[in-house]
Amino acid sequence: MIEIDQLAKTYTTRQHGDVKALTGVTLNVPDGAIQGIVGPSGAGKSTLLRCLNLLEQPTGGRIVLNGDDLTTLSSADLRAARRRIGTVFQHFELLHSRTVADNIGLPLELAKASDQERRDRIAELVELVGLQGRERSYPSQLSGGQQQRVGIARALAARPDVLLCDEPTSALDPATTSQILDLLVRVNRSLGVTIVLITHELAVVRRICTHAALLDHGRITESGPVVDLVTDA
Ligand code: ADP
Ligand code: ADP
């Protein structure tokens, strides 16, 4: 379970003074959920995501992952905590000089896993995301959908508790979007990974999310199971 409690982030800028990107965001994400976070541009979605994947330090509040407060960790513990959270990006963020297999294995390399462990895990993940036969390809030789499959496999490599997805299908056409959303559901069900999915598209939420929260001007205006929130919308 992820407990986001009164999370706040204020950016101090030279041009605009203090910008309150998040003001008291409180949200509990149940284990095994696919939690959508929806909101217009500027709502604070990216800021929330960067607080959740520990790239940004919040200015207030707490994020508690399975009992551990992630906002008070030492830098050594922070490195370990980052492995518990995998991130899938809108523009995939693959390393273009590395093959599919080496992109997927990167988190395991950083975690100093043995070669054998890395090879076994890469083989499992390639199968999970349906990229058999493409292990030695380079990202530029793949379609957008295939590149996102690599991104998803890499995000899962270190067996995270949570998969954070930042607009994972915004760069993809509708047919490919469908396939990637199906893959995320399969990952959620087969591995039991909790998914937090940031999107500006209500259709994506309707299609796969179990829970949704609406973010606007740095605060959550509505949240709950998707059936209560968006079925009549
Ligand atoms: P969204 O992802 O929903 O578009 P963001 O989290 O990117 O929202 O932005 C929320 C607010 O915080 C906006 O007003 C944005 O301009 C501001 N903001 C985001 N990142 C920074 C930053 N690094 N420095 C200053 N202001 C920022
Ligand atoms: P998105 O909405 O997809 O996050 P943006 O264009 O809003 O894209 O932001 C791109 C990057 O610029 C993000 O890292 C964001 O935090 C940063 N950013 C957004 N607004 C500001 C701002 N006012 N000052 C500085 N950085 C900002």
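A compact table of results
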item	result
Segment MET1-ARG98, extension gain: residue separation times 0.36 nm, minus the distance between their alpha carbons	31.5 nm
Estimated 222 nm signal from helices in the chain, with DSSP H stretches of n ≥ 4 weighted -39500 (n - 2.57), rounded to 500	-11000 deg cm²/dmol
Anisotropy class of the chain from Cα gyration tensor, a/c 1.5 cut	prolate
Rounded accessible area per residue of the chain, 1.4 Å, Å²	49 Å²
Sulfur and carbon atoms: percent of accessible area, the chain [1.4 Å]	47 percent
Ranked packing of 192-198, 155-161, most packed first, by mean Cβ within 10 Å	192-198, 155-161
Under 25 Å from LYS9, Cα to Cα: lysines that are on another chain or at least 8 residues apart	LYS20, LYS45
GNM result for the chain, Cα springs below 10 Å: residue of ARG14, ARG149, ARG62 fluctuating most strongly	ARG14
Length gained when the stretch ASP31-ARG186 is fully extended (0.36 nm per residue, less Cα-Cα span)	54.2 nm
Estimated FRET transfer efficiency (THR12, ARG62; beta-carbon r; R0 25 Å; 0.05)	0.75
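The values are calculated or read from the model by the stated rules, or taken from the named source; none is laboratory data. Quantities reported herein were computed from a predicted structural model and do not represent experimental measurements. Note: ideal-geometry Cβ built from the backbone for every residue, glycine included; neighbour counts use all protein chains shown. Just the protein is used for accessible areas: all its heavy atoms, side chains included, with ligands, DNA and RNA removed. Shrake-Rupley method; radii C 1.70, N 1.55, O 1.52, S 1.80 Å.
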